[in-house]
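> Structure provided below as structure tokens; questions to follow.
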Amino acid sequence: MESIITARGLAKSYNSLRAVDGIDFEIKTGECFGFLGPNGAGKTTVMKIIYCFLPPDEGEVKVFDIDVKKEPWRIKSRIGVLPQHENLDPDLSVMENLVVYARYFDIGKNASVPIAWEMLEFAEIKEKADVNILKLSGGMKRRLQLARALMNYPELLVLDEPTTGLDPHSRHTVWDKLNQLKEQGTTLLLTTHYMEEAEALCDRVAIMDRGKIVATDSPKKLMERHGGNLEHVYLTLTGRPLEA
Ligand SMILES: Nc1ncnc2c1ncn2[C@@H]1O[C@H](COP(=O)(O)OP(=O)(O)OP(=O)(O)O)[C@@H](O)[C@H]1O
Ligand SMILES: [Mg+2]
């Protein structure tokens with residue numbers, strides 16, 4: 001399988017804090033890859049560098065074989081992003097949020113409305129099309145953000161804690177959707193604090209702690225190597241309890 005993302009010697013600091021401390025990883029086309037790790041480990045910083053929101057300080061990161069520092073716009077047009085923190089426009093309806101977002105990809109209103117219906121149907125939130133964002137539940141907002149991330153038919157989907165705060169039923173719905181996308185050939189990159197989610201979705205995971213990757217492998221191989229379930233592996237490798 002060819003690589004869709006490669007990172008070599010990646011580092012990023014915020015003032016004196018080295019949030020990402022020289023990491024290497026490679027993500028294969030078509031796989032689902034998860035970053036696990038405690039609060040503050042550096043997961044979101046890595047996601048932001050990949051979706052070209054932040055430039056790396058050191059190292060080389062290529063997405064679709066394109067350097068994130070050189071031609072970020074060519075990467076952005078081909079990826080979908082679900083950020084950790086909700087950033088829907090509260091002044092707009094569900095449908096309007098999607099149509100406005102599509103402009104970012106040069107998709108005009110006539111073209112974007114049918115795509116928006118398609119994605120709202122996929123995310124099971126079609127019946128809320130005319131509702132204002134402020135009237136949605138947390139789970140509905142998350143599904144809408146997933147619909148929004150799909151407006152440009154991305155080859156790679158970056159999901160930063162896609163199911164944090166969702167009830168078990170909503171979480172399983174999102175898992176089903178992500179598995180469907182994977183079956184259709186979309187590469188998935190996600191972060192999660194739920195070990196069950198990592199086991200349900202991820203072909204491979206990287207466990208991060210204090211800016212470094214401490215292990216990368218399939219959940220199965222990590223469990224064989226360290227014994228116990230994935231939560232046990234996580235606790236062994238990060239030496240701290242789980243934080244949600
Ligand atoms: N804009 C910023 N300015 C200063 N420090 C930051 C900024 N963003 C993140 N940090 C710090 O960088 C470190 C890594 O943060 P990051 O958000 O990447 O962690 P994370 O693994 O995503 O954590 P969480 O699981 O809580 O989302 C943390 O110590 C955080 O406080
Ligand atoms: Mg984060």
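Only the coordinates and a few stated rules stand behind these numbers; no lab work does. As the structure is a prediction and not an experimental result, all values here were calculated from the model. Every residue, glycine among them, receives a Cβ derived from its backbone with ideal geometry; neighbour counts consider all protein chains shown.
> When the stretch 19-74 is examined, which residues are found to be in contact with a Phe, Trp or Tyr (Cβ under 6 Å, 6 or more places away or on another chain) and more than 15 Å from ligand 1 (Cβ to nearest atom)?
Matches in the stretch 19-74: Ile27 only.
> Right, something else. Looking at the stretch 219-234, is at least one residue without any contact (Cβ under 8 Å) to a residue 60 or more places away in the chain and within 20 Å of Asn87 (Cα to Cα)?
There is no residue in the stretch 219-234 that is without any contact (Cβ under 8 Å) to a residue 60 or more places away in the chain and within 20 Å of Asn87 (Cα to Cα).
> Taking the condition farther than 22 Å from Asp176 by Cα, surrounded by fewer than 15 Cβ atoms within 10 Å (Cβ to Cβ), of a type in the set (D, E, K, R) and touching a residue at least 24 places away in the same chain (Cβ under 8 Å), does Asp130 pass? Full working, then the answer.
Working: farther than 22 Å from Asp176 by Cα: yes; surrounded by fewer than 15 Cβ atoms within 10 Å (Cβ to Cβ): yes; of a type in the set (D, E, K, R): yes; touching a residue at least 24 places away in the same chain (Cβ under 8 Å): yes.
It is true that Asp130 is farther than 22 Å from Asp176 by Cα, surrounded by fewer than 15 Cβ atoms within 10 Å (Cβ to Cβ), of a type in the set (D, E, K, R) and touching a residue at least 24 places away in the same chain (Cβ under 8 Å).
> Taking the stretch 159-180 as the search range and keeping residues that are within 16 Å of ligand 2 (Cβ to nearest atom) and not aliphatic (A, V, I, L, M), which one is nearest to the chain's Cα centre (by Cα)?
Among those that are within 16 Å of ligand 2 (Cβ to nearest atom) and not aliphatic (A, V, I, L, M), it is Asp160.
> I would also like to ask the following. For a quick check of your reading: which helices (runs of 4 or more DSSP H) sit entirely within the stretch 41-121 and have at least 2 residues that are under 19 Å from the mean Cα position of the chain (by Cα) and farther than 30 Å from Leu17 by Cα?
Hits in the stretch 41-121: 94-103.
> Which ones in the stretch 32-60 are surrounded by fewer than 22 Cβ atoms within 10 Å (Cβ to Cβ), under 23 Å from Met195 (Cβ atoms) and touching a helix residue (DSSP H, G or I) at 6+ places or on another chain (Cβ under 8 Å)?
Selection gives Pro38 alone.
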